[in-house]
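Trainee: One structure follows; several queries about it will come next.
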Amino acid sequence: MPSGDWLWSAVASVANAAADAARAAVGRVGATRESNLIGRTKAILDKAQWKPKTSRDFKYPGKSGKIHTFDLSIESDHKLALVDAVVAHPGSIAAKYLAFSDTESRPGLFKYALYENELAPEDKALLSNVADLISYKAISGTNGEFLLYQ
């Protein structure tokens, strides 16, 4: 009769594979929500009479020399806003924090962490150290001009 020593390894392997699949699925859902949020925000700005220039997947160099890709840029009158959508997922929070923290602070450059569903207070506190938090509700129903002209 064969030994049952292999059973523990088989169960652990199946459990790890299931956990990896679940993490990947949650990550894809978060990325989809971020993309939809940015698309709706860009649509508001593109319809605005003040005609800002908007770009998705905007590349901007960090202080470290690393090139970060922000979800959305808004440009008008030599002012630039970098916008990253953030969802309540550790990977989303960490990635956005890293990009914003490596980005310079200077007059005429605005950094926004855009969210729709509520974030944990500690995530808001963390992100607010490197960017202004803005709810999609604050943009919806406006022309978004306040993002560059505060």
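The values are calculated or read from the model by the stated rules, or taken from the named source; none is laboratory data. The structure displayed is predicted, hence computed values, not measured ones. Every residue, glycine as well, gets a Cβ built from its backbone with ideal geometry; the counts of neighbours run over all protein chains shown. Accessible surface is based on the protein model in full, side chains and every heavy atom, while ligands, DNA and RNA are left aside. Shrake-Rupley method; radii C 1.70, N 1.55, O 1.52, S 1.80 Å.
Trainee: Placing unit charges on C-beta atoms (Lys and Arg positive, Asp and Glu negative, everything else neutral), compute the dipole magnitude of segment 99-150 about its Cα centre in debye, rounded to 20. Please report the intermediate quantities before stating the final value.
Mentor: Details: 4 positive and 8 negative charges, 31 e Å.
Charge dipole, segment 99-150, about its Cα centre: 140 debye, nearest 20.
Trainee: Here's something else I'd like to know. Which value, in Å² rounded to 10, gives the accessible area of Ile67 with a 1.4 Å probe and all protein chains present?
Mentor: So the heavy atoms of Ile67 present about 90 Å² to solvent.
Trainee: Considering only protein heavy atoms, with the full assembly of protein chains and a 1.4 angstrom probe, order Phe146, Phe58 by accessible area, largest first. Could you put the intermediate results ahead of the total?
Mentor: Numbers: Phe146 75, Phe58 45 Å².
My answer, sorted largest first, is Phe146, Phe58.
Trainee: When we measure straight from the Cα of Lys66, which lysines land under 18 angstrom away, once same-chain ones fewer than 8 places off are left out?
Mentor: List returned: Lys96, Lys111.
Trainee: Please list the three semi-axes, largest first and in whole Å, of the ellipsoid equivalent to segment 64-111, using sqrt of 5 times the eigenvalues of its alpha carbon gyration tensor. Mind showing how you got there, number by number?
Mentor: Numbers: eigenvalues 84, 33, 14 Å².
Semi-axis lengths for segment 64-111 are 20, 13, 8 Å.
Trainee: Positive end of the charge dipole of segment 83-128 (Lys, Arg +1 and Asp, Glu -1 on Cβ, about the Cα centre): tell me which of Ala125, Ser101, Ala85 has its Cα farthest that way.
Mentor: Looking along the dipole axis, the top candidate is Ser101.
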